[in-house]
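One structure is given below, encoded as C-alpha cells.
No lab work stands behind these numbers, since they all come straight from the coordinates. Just so it is clear, the structure is predicted and the values come from calculations on it, not from any experiment. FYI the Cβ positions are ideal-geometry reconstructions off the backbone, even for glycines, and counts take in every protein chain you see.
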Ligand SMILES: Nc1ncnc2c1ncn2[C@@H]1O[C@H](COP(=O)(O)OP(=O)(O)O)[C@@H](O)[C@H]1O
Ligand SMILES: [Mg+2]
C-alpha cells in the first residue's frame with residue numbers, strides 16, 4: 001500500500017463567545033508515501049486546524065472535532081487513546097510550527113531537547129543519545145560546539161533548524177510543516193526551505209507543507225490541495241495546477257501574487273464569492289486525470305437561494 005494518510009470528511013468547530021466558528025468543513029485529503037503535498041490557502045482557511053487534527057492536538061475547549069476519520073496506514077487516529085497517540089507524535093508524525101518557540105523550551109539546552117525527543121521513543125544509552133543529538137545538529141547545519149547553548153542564543157533561522165532536527169530525530173513517516181519559514185527573514189527563508197527539501201529527500205519522509213505562498217509550493221511540492229473555507233476546492237499535481245488552474249479561487253490566488261514588473265492586483269481575490277462549505281457539501285469532479293475540483297464553483301452558479 002502506497003497510501004500513508006487519508007482524511008475523510010473532517011469537520012472541526014471552535015466554540016467562542018461570539019458563536020461557533022466552522023473552521024474545517026467535511027475536508028478530504030490524501031497523501032502517499034514519499035510525497036510532498038502542499039496545503040495552500042489564505043489565513044483562516046483551516047490549514048492549521050487540519051494539521052492539529054492529524055496530531056490530535058486540537059485545543060478542547062474551545063475546539064471540537066465533530067466528524068471525520070484520520071487514517072494513518074489504515075488506523076483511525078481519532079480512535080487512538082492519548083497514551084498511544086503520545087508515541088505516534090514525534091515518532092511517526094512530527095510537526096514543525098511557524099514559530100520555533102512553540103516547540104522549544106527556553107530553559108533547556110538544544111542538546112537536551114533533541115535528546116529528550118529521542119529518548120521518548122527509543123532505548124538509547126546516555127552516550128549514544130549525545131552522539132545522536134550532535135549528529136542531528138550537524139544534519140541541519142549547526143556546529144556541534146553549540147549543543148549546550150540555549151534557544152535564546154540562536155537566531156530565528158537557527159532555532160527553526162533545531163526544531164527541524166527534533167522533528168527528524170526519530171525518522172518519522174510524515175512531517176507536517178506549518179508555514180515553517182513565514183516567521184523568518186526573507187534571506188533565511190530560502191535557506192531553511194532548501195534544507196527542509198533536502199532532508200525530506202534524504203530521510204525519505206512524506207511531508208504536508210502548509211503555506212499561503214504558491215511560490216513555495218512550486219519549488220517544493222509534488223501535489224497541491226487548495227484550501228478555502230475549511231474544505232479543499234481544488235486538488236492536482238503541482239504541474240497541472242500551475243499550468244491549468246480550474247477553480248476561480250485558485251485563479252484568484254495566482255493573480256494575487258505580486259508581479260515585480262506590474263502594479264499589484266489584489267482585488268481579484270475579493271471578487272470570488274464561494275459557497276459556505278459549512279452549509280453546502282461540495283461535489284468533486286475530476287476535470288482531467290488526478291485533477292479534482294469542488295462544485296459548485298461559486299455562489300452565483302448555485303443561484304441566490306443559498307445566501
Ligand atoms: N483556538 C481557536 N479558537 C477560536 N477560533 C479559532 C481557534 N483557532 C482557529 N480558529 C478559527 O478557525 C478558523 C481557521 O483557522 P486556522 O485553522 O488557524 O486557519 P489557517 O491556518 O488556514 O490560517 C479561523 O476562522 C480561526 O479564527
Ligand atoms: Mg495557520
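Remarks
- Förster radius 30 Å - calculated FRET efficiency between residue 42 and residue 283, Cβ distance, rounded to 0.05: 0.85
- Sorted by Cβ density within 10 Å, fewest first, the residues 222, 76: 76, 222
- Length gained when the stretch residue 8-residue 125 is fully extended (0.36 nm per residue, less Cα-Cα span): 38.0 nm
- Computed from the alpha carbon positions, the gyration tensor of segment 1-137 leads to an equivalent ellipsoid with semi-axes of 30, 19, 14 Å, biggest first.
- Computed with the Debye formula from one identical point scatterer per Cα of the chain, without solvent, the log10 of I(q)/I(0) at q = 0.07, 0.12, 0.16 Å⁻¹ comes to -0.29, -0.83, -1.37.
- Peptides 34-45, 238-249, 284-295, 179-190 ordered by average Cβ neighbours within 10 Å, highest first: 34-45, 238-249, 179-190, 284-295
- Against the main long axis of the alpha-carbon atoms of the chain, helix 110-121 sits at an angle near 80°.
- Remark: the residue 197-residue 33 segment gains 57.5 nm on full extension, using 0.36 nm per residue and subtracting the alpha carbon distance.
- Percent antiparallel among DSSP beta bridges (both partners in the chain, rounded to 5): 65
- Take each peptide in 196-205, 212-221, count the other Cβ atoms within 10 Å of every residue, and average; sorted highest first, the result is 212-221, 196-205.
- Label point 7 Å beyond Cα of residue 87 along Cβ direction - residues of segment 20-61 with amide nitrogen under 11 Å: none
- Sites residue 153 and residue 80 - FRET efficiency at Förster radius 35 Å, r taken between beta-carbons, to 0.05: 0.40
- Which of 85, 158, 136 has the fewest Cβ neighbours within 10 Å, and the rest in rising order: 85, 158, 136
- Seen against the Cα atoms of the chain and their longest principal axis, helix 126-139 is set at about 50 degrees.
- Chain lengthening between residue 138 and residue 295 when straightened (0.36 nm per residue, less Cα-Cα): 51.7 nm
- Square roots of five times the Cα gyration tensor eigenvalues for segment 89-200, Å: 21, 16, 12
- Taking 7 Å steps out from each Cα toward its Cβ at residue 242 and residue 185 produces label points 2.8 nm apart.
- Taking a quarter of the surface of the Cα convex hull of segment 136-231 gives a mean projected area of 6.9 nm².
- Between the Cα long axis of helix 156-168 and the first principal axis of the chain there is an angle of about 80°, rounded to the nearest 10.
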